[in-house]
Amino acid sequence: MPNATALLDDPILVEDNLPGLGQALPYFQLVNQALEDVSIEAFSGQRKILHFFPGIDTATSANSVRILDKLAASLPNTALLHISADLPFTMARFYATENLTNGIHLSTMRGRDMLKNYGVLMMTSKLAGLPARVLMVADENDRVLHVELVKELTNEPDYEAAIEALQG
Amino acid sequence: MASVTLKGNPVAVGGKFLATGDTAPAFQLADAKRNLVGLDAYAGKRKILNIFPSIDTPTCATSVRTFNKEASSASNSVVLCISADLPFAQSRFCGAEGLENVVTLSTFRDTAKFATDYGVFITDSSLAGLTARAVVVLDENNKVLHSELVGEIADEPNYAAALAVLK
């Protein structure tokens, strides 16, 4: 059975291979703000917060980026990765008007294999092709410590639970 | 496979770019409300397809503003601004700028398909995965009246040449 999320109660199917606790994060390659290819190896040895969201120009996604930026400030050796299909140009415009210092954005502009491999790709509805709203946390060996697929896209993820997984 | 440049460096563009007299292939793109629309949504109208890498870059934004301003002078025609930007980003831009004479369409559901069918798919360089800068003008029957694959991505398209074929 595929996973599911929803937008204002309309169900949306999500690719069904979300990693479980203790599993290793799959390899990925995405595109950073400077339009360069960046793989998971660039963050080798760091703990990771992977924040997947549908689009920065929506209130909930923008808010989550801001809140995670603040929360990540007190977390040592932790890479905060914001992942969406927004183009790097769009993210540059967003960052130019915000005072954010802790996260980096990675775009799926060259392909959405990563979203499939991570089990976060929405497959139905008008948002098909975009990432669902998901918070995933991994330790320095890329072992998954916490996963939340947000069940209603207009809701924010449980930030506290994600941060606790890194402090536990 | 065509080639253009980005600030002087060669960029490969995949697919066969449309030439005058060709019939434009069907497409399915997402409008501002994320609904899928095709050419048939504008049946009977002449169309200016303004295709570019991203609305959040200065040249692309200028092209959208310019076509928005000029579009009202061409009768029975619609300007379709097409990019891989998400509909959220396209809507934000047009809302902030008060642009009402252009329609924005996003390739986000399948950029490779649209871009290959129209011969505007950037396949290498830092922009790989996006659509090149191009203008294609179609008549009421979706026959190509004019097409320009802009040779240098940082340059603006030739607006006058595109609009002239509709006068």
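Values in this text are rule-based calculations from the coordinates and carry no lab data. Note that the structure is predicted; figures quoted are calculated from it, not measured. Virtual Cβ from ideal backbone geometry, glycine too; neighbours counted across all protein chains shown.
Among the residues of the stretch B:6-23, is there at least one that is among the β-branched types (Val, Ile, Thr), within 16 Å of the chain's Cα centre (by Cα) and within 13 Å of chain A (Cβ to nearest Cβ)?
Within the stretch B:6-23, not a single residue is among the β-branched types (Val, Ile, Thr), within 16 Å of the chain's Cα centre (by Cα) and within 13 Å of chain A (Cβ to nearest Cβ).
Is there any pair linking a residue in the stretch B:39-57 that is within 14 Å of another protein chain (Cβ to nearest Cβ) to one that is in a strand (DSSP E or B) and of a type outside the set (Lys, Arg), with Cβ under 6 Å and at least six apart or on different chains, and which?
B:Phe52/B:Ser83; B:Ser54/B:Ser83; B:Ile55/B:Ser83
Going by what's in this entry, would B:Ile55 be described as in a loop (DSSP other than H, G, I, E, B), crowded, with 20+ Cβ neighbours inside 10 Å and aliphatic (A, V, I, L, M)?
It is true that B:Ile55 is in a loop (DSSP other than H, G, I, E, B), crowded, with 20+ Cβ neighbours inside 10 Å and aliphatic (A, V, I, L, M).
Determine, yes or no, whether B:Ala115 is surrounded by fewer than 24 Cβ atoms within 10 Å (Cβ to Cβ) and in a helix (DSSP H, G or I).
Judged against the criteria, B:Ala115 is not a match.
What are the residues in the stretch B:81-94 that are more than 10 Å from chain A (Cβ to nearest Cβ) and surrounded by fewer than 24 Cβ atoms within 10 Å (Cβ to Cβ), if any?
The one that is more than 10 Å from chain A (Cβ to nearest Cβ) and surrounded by fewer than 24 Cβ atoms within 10 Å (Cβ to Cβ): B:Cys94.
For the stretch B:116-129, indicate whether the set of residues that are free of Cβ contacts under 8 Å to residues at least 40 places away in the same chain and either of a type in the set (Phe, Trp, Tyr) or within 14 Å of chain A (Cβ to nearest Cβ) (or both) is non-empty.
Step one: of the stretch B:116-129, the residues free of Cβ contacts under 8 Å to residues at least 40 places away in the same chain are B:128.
Restricting the remaining residues to those that are either of a type in the set (Phe, Trp, Tyr) or within 14 Å of chain A (Cβ to nearest Cβ) (or both) gives B:128.
Checked the stretch B:116-129: at least one residue is free of Cβ contacts under 8 Å to residues at least 40 places away in the same chain and either of a type in the set (Phe, Trp, Tyr) or within 14 Å of chain A (Cβ to nearest Cβ) (or both).
When you scan the stretch B:29-46, do you find a residue that is farther than 23 Å from B:His146 by Cα and outside any loop (DSSP other than H, G, I, E, B), even just one?
So far as the stretch B:29-46 goes, yes, one or more of its residues are farther than 23 Å from B:His146 by Cα and outside any loop (DSSP other than H, G, I, E, B).
Starting from residues that are more than 14 Å from chain B (Cβ to nearest Cβ), in a loop (DSSP other than H, G, I, E, B) and not polar (S, T, N, Q), keep the ones in the stretch A:25-70 and report whichever is farthest from B:Arg34 (Cα to Cα).
A:Gly45
Just need a number here: residues in the stretch B:58-80 that are surrounded by 15 or more Cβ atoms within 10 Å (Cβ to Cβ) and part of a loop (DSSP other than H, G, I, E, B).
1
Could you please let me know if A:Pro76 is surrounded by fewer than 20 Cβ atoms within 10 Å (Cβ to Cβ) and not in a helix (DSSP H, G or I)?
Yes: the conditions hold for A:Pro76.
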